[in-house]
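In what follows, a structure is listed as C-alpha cells, so that the remarks can point back to it.
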Amino acid sequence: MEDVWIMDSGCSRHMTGHRKWFSSLNPVSTKEYITFGDNGQGKVLGVGSVSLSAKLSLREVAFVRNLGFNLVSVSQLLDEGFEVCFKKGACCVLDAEETLVCSLLPFGQVFRVDLTIVSGPARCLVASPSADIWKWHRRLGQLSFDLLVRLSSMGLIRGLPKLRAEKDLVCHPCRHGKMVAASHIPVSRVMTSYPGELLHMDTVSPARVASVSGKWYVLVIVDDFSRFSWVFFMEFKNEAFGFVWDLVLRLRNESHKAMRAIRGDNGGEFEILVSKTSVNGVVERKNRTLVEMARTMLDEHRTPRRFWAEAVNMACYIANRIFLRAFLGKTSYELRFGRQPSVKHLRAFGCRCFVLKKAGHLDKFEPRCLDGIFPGYASSSRAFRVWILEAKQVVETCEVSFDETMQAQPPPLSFRVMMKKAPPSLRMRKVRLMMVMQEPLHRLQLLPPLLRAQMMKEDPCPRFPRHSPDSKLM
C-alpha cells in the first residue's frame with residue numbers, strides 16, 4: 001500500500017506515513033495529532049511537498065507516524081483550484097484550465113491516483129546524470145566519478161571541462177569489473193565481559209608430514225575476552241568435538257560462569273556449534289601467528305619437520321604470555337588467571353640439552369647424561385619435555401640442563417655446489433672424495449669441527465687403513 005495513493009473525500013488534508021515520497025519535509029514545532037477511523041491517533045512528524053507526476057504536486061502534506069496509507073484529500077484539492085470529477089467510466093482530476101492532471105482508477109471500493117507516468121520520487125531516484133560526466137567517464141576508461149570530478153576541478157588536464165558531482169551514480173560495467181569484498185567494521189571495544197563467555201575455533205589444514213605422535217590436524221581455540229589460546233592435535237577432523245567438549249567443561253568448573261556462544265566457520269567439524277560465520281578473523285589471525293612462530297623455530301636449528309606439533313604447542317605457550325589484549329593492555333595469561341606471567345623458565349626451542357641418567361649400576365666411566373633436543377614444556381606439570389636422541393622418545397623431567405649457545409646453522413650445501421667452490425686440486429680428486437663421503441652429506445655436517453676441517457681443507461681424502469675402526473665416518 002505504500003506505492004498507492006487513495007482519493008479520500010473524508011480526509012481533511014493530504015497525508016502519508018512513508019518518508020520516501022517527500023521532495024521537501026519540514027519538522028513541525030507544535031504537537032499535532034491525526035485521528036484515524038478506529039479512534040486511534042498518529043502524531044504529525046512534519047509537513048512537506050510531494051510530487052506525484054509532472055502535473056500534480058501536493059503541498060502541505062502531513063507526515064504521520066504509524067499511518068499505513070497514502071491519502072489525497074478531495075477538499076484540499078478543491079481549495080488548491082483543482083476539479084475532481086467522478087463519472088461512470090471517466091474519473092479524473094482537472095486543473096483550472098480543465099486540462100487532465102491525472103486519472104482515478106477503481107481500487108476495491110475506493111479510487112486511487114493513476115501513477116502510470118513516472119512519479120516524482122521515482123524520477124529523483126533514477127534521475128540520469130548530466131551527459132557530460134557520463135561521456136567523460138566512458139572516454140577515460142571507466143574512471144571513478146569522484147576522481148573524475150576532482151580532476152576536472154583542479155584544471156590539470158587540458159580539454160577536460162568542469163564537471164559537477166552527482167549523487168547515486170551507478171555504472172554497471174564498473175560494478176562488474178571493480179567489485180571487491182566489503183571489509184568488516186573494525187571493533188573498537190571488547191565485546192565480552194569475562195573469560196570463557198565466547199570462544200572462537202578453527203582447524204589448521206593438514207600438514208604434509210605427520211607429527212611425532214602421528215597427528216595431522218591442529219584445533220585452535222581462542223577466548224574472545226582474554227585472547228588466551230589452546231591448541232589440540234588430531235589425527236582426524238572428527239575428533240574436534242571431544243576436545244571442545246572437554247574444554248567447555250573445564251572452563252565451566254574453573255569460572256562457574258555460563259558460556260554464551262561458540263563461534264567457528266562453516267567447517268563440517270563444527271556442525272553442533274551455536275554460531276557459524278564464513279570467516280572468523282579472530283582465530284584466523286591466531287592461526288597465522290602460531291604457524292609463523294612454529295616455522296621460524298623449526299628453521300633455526302634445522303629441526304626435522306615431524307616436530308611441527310611441538311613447535312606449534314610451544315608457540316601457543318609463548319603467545320599466551322607475551323601478547324597484549326587490545327583495549328585492555330594486559331597479557332592473555334593475566335586476564336585469565338589474574339596474575340602476571342613469568343618467562344624465567346623459558347628456553348630456546350630445539351636447543352641441545354642433557355638429561356640425567358637414572359638407571360642404576362652405572363659404570364664408572366659411563367656418561368651420566370643423555371643427549372636430547374628441547375621441544376617444549378609439559379602441559380600438566382612444571383617439567384620440561386625432551387626428545388632423547390638415543391631412545392628416540394619424549395620424556396618429561398626437571399633434571400635437565402640446556403645449551404642455548406648454539407647459533408642458527410646455515411643450510412647445508414649440496415655436493416655439486418661444494419665441488420664448484422672447491423679449488424682445482426680438490427676437483428681433480430673428486431672421485432676419491434666421493435668414496436670417502438659414502439654417508440649422506442648431512443651426516444658429514446655432524447662430524448667434529450677439527451675432523452671436518454681436516455677432511456674438507458687439509459686433505460679432502462684422508463687415507464684411513466682398510467681395517468681401521470676409524471674407516472667409517474659415523
May I ask for the equivalent-ellipsoid semi-axes of region 131-178, computed as the square root of five times each C-alpha gyration tensor eigenvalue and listed largest first in whole Å? 19, 11, 9
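Which links in LYS55/LYS87; LYS237/LYS286; LYS20/LYS88 stretch past 26 Å when you go from one Cα to the other? Don't jump to the answer; show the numbers that get you there.
Numbers: LYS55/LYS87 21 Å; LYS237/LYS286 19 Å; LYS20/LYS88 33 Å.
From the list (LYS55/LYS87; LYS237/LYS286; LYS20/LYS88), the Cα-Cα distance tops 26 Å for LYS20/LYS88.
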Loop only by DSSP, 12 or fewer other Cβ within 10 Å of the Cβ. Give me the GluC sites (Glu not before Pro) in region 74-111 that pass, ordered by residue number. GLU97, GLU98
So how do 338-347, 187-196, 230-239, 314-323 stack up, highest first, on mean other-Cβ count within 10 Å? 314-323, 230-239, 187-196, 338-347
Cα gyration tensor of region 352-403 diagonalised, 5x eigenvalues square-rooted, in angstrom largest first, produces semi-axes 20, 11, 10
Full extension from ARG347 to ASP79: what is 0.36 nm times the residue separation minus their Cα-Cα distance, to one decimal in nm? 87.3 nm
Rounded to one decimal in nm, the spacing of the 7 Å Cα→Cβ label points at TRP245 and ARG19 is 5.0
Which far-off residues, 5 or more places away or on another chain, put their amide H under 5 Å from the one on LEU58, with H placed in the peptide plane? VAL50, SER51, LEU52
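Provide the packing ranking of 374-380, 305-311, i.e. peptides ordered by the mean count of other C-beta atoms within 10 Å per residue, highest first. It would help to have the intermediate numbers written out before the result.
On the way: 374-380: 16.9, 305-311: 21.6.
Highest to lowest by the protection proxy: 305-311, 374-380.
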For region 144-303, just list the percent of Cα-Cα distances falling in each 5 Å bin from zero outward, please. 1, 7, 12, 15, 13, 10, 8, 7, 6, 6, 6, 5, 3, 1, 0
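What is the calculated FRET efficiency for GLU254 to MET179, with r their C-beta to C-beta distance and R₀ = 45 Å, to the nearest 0.05?
On the way: r = 47 Å, r/R0 = 1.04.
Computed FRET efficiency for GLU254 and MET179: 0.45.
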How many angstrom lie between the C-alpha centres of region 48-76 and region 283-299? 64
Taking 37 °C and 0.692 mPa s as the conditions, I'd like the Stokes-Einstein D for region 5-125 in µm²/s, using the Kirkwood hydrodynamic radius from alpha carbon pairs. 220
Highest average packing first - 394-406, 348-360, Cβ atoms within 10 Å: 348-360, 394-406
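Each reported figure results from applying straightforward, stated rules to the coordinates on display, with no laboratory input. Quick caveat: nothing in here was measured; it's all calculated off a predicted structure. In this analysis, Cβ positions are derived from the backbone assuming ideal geometry, glycine residues included, and neighbour counts consider all displayed protein chains.
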